[in-house]
Amino acid sequence: MRIETCWFCSSKIYPGHGIQFVRNDAKIFRFCRSKCHKNFKMKRNPRKVKWTKAYRRLHGKDMTQDSTFEFERKRNRPERYDRTLAENTLKAIKIIDKVKNTREKRHIEKRLKPDRRRENLKARKELNMSIDMIKAPSVQIQEPSLTLPKIKVKTSEPQEENRAMEE
């Protein structure tokens, strides 16, 4: 079972899926869905269409250079079957996948780091602009202009109630 890649968007094409186009010069183009096939027929450049992997790699959204990509290369040379070699490669594939995933996560975190800094700076600016609205209680005690003057209210009602109870 061979999993092909789409010529336009570089996604995986599983057996029995997608469209295959053969040009007059016998060059084979495989497409994962009709969207990719139609864009190819409209002569669109995959590097200029935002949802393709070529665009994402060109603009630094996805990883472009990594040693784990060498394992995904297509090899047409037949190899003699060896059980121990097959077992070792299956074990290696799991380890390589883990390494690749951690590197992709690190790449995404690096990519999003400047955005976090911008958000933090924006929050600090907003806090500095509105810090006058929030003052510590110790500052309010020191500056009487920040507090309202205390007004004494005469209460005659409790005294009248006490007299009524005595009687």
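Checked against the criteria, residue 146 does not count as surrounded by 10 or more Cβ atoms within 10 Å (Cβ to Cβ) and at pLDDT 65 or above.
Within the bounds of the stretch 77-90, is there any residue that is under 27 Å from the mean Cα position of the chain (by Cα) and of a type in the set (D, E, K, R)? Within the stretch 77-90 (the criterion being under 27 Å from the mean Cα position of the chain (by Cα) and of a type in the set (D, E, K, R)), the answer is no, since none of the residues qualifies.
Residue under question is residue 49, and the condition is that it be in a loop (DSSP other than H, G, I, E, B), of a type in the set (Val, Ile, Thr) and surrounded by 10 or more Cβ atoms within 10 Å (Cβ to Cβ); does it hold? Judged against the criteria, residue 49 is a match. Of all the criteria given as (1) open to solvent by 100 Å² or more (accessible area, probe 1.4 Å); (2) within 28 Å of residue 93 (Cα to Cα); (3) modelled with pLDDT of 90 or more, the one not satisfied by residue 4 is (1). Scanning the stretch 56-87 for residues that are modelled with pLDDT of 90 or more and surrounded by 10 or more Cβ atoms within 10 Å (Cβ to Cβ) gives a single hit, 87.
The sole residue among 56, 23, 77, 30 that is in contact with a Lys or Arg (Cβ under 9 Å, 6 or more places away or on another chain) and among the basic types (Lys, Arg) is 56. A Cβ distance below 9 Å, combined with a sequence gap of six or more or placement on separate chains, defines the contacts here; from the stretch 97-111, residues that are free of Cβ contacts under 8 Å to residues at least 24 places away in the same chain reach residues that are open to solvent by less than 80 Å² (accessible area, probe 1.4 Å) and part of a helix (DSSP H, G or I) in the pairs 97/68. Whether any residue in the stretch 120-127 is at pLDDT below 85, under 23 Å from residue 57 (Cβ atoms) and either open to solvent by less than 80 Å² (accessible area, probe 1.4 Å) or not acidic (Asp, Glu) (or both) is what I want to check. No, that holds for no residue.
The values are calculated or read from the model by the stated rules, or taken from the named source; none is laboratory data. The structure displayed is predicted, hence computed values, not measured ones. Neighbour counts run over all protein chains shown; Cβ positions are idealised from the backbone, glycine included. All accessible areas refer to the heavy atoms of the entire protein, side chains included, with ligands and DNA or RNA removed. Shrake-Rupley method; radii C 1.70, N 1.55, O 1.52, S 1.80 Å.
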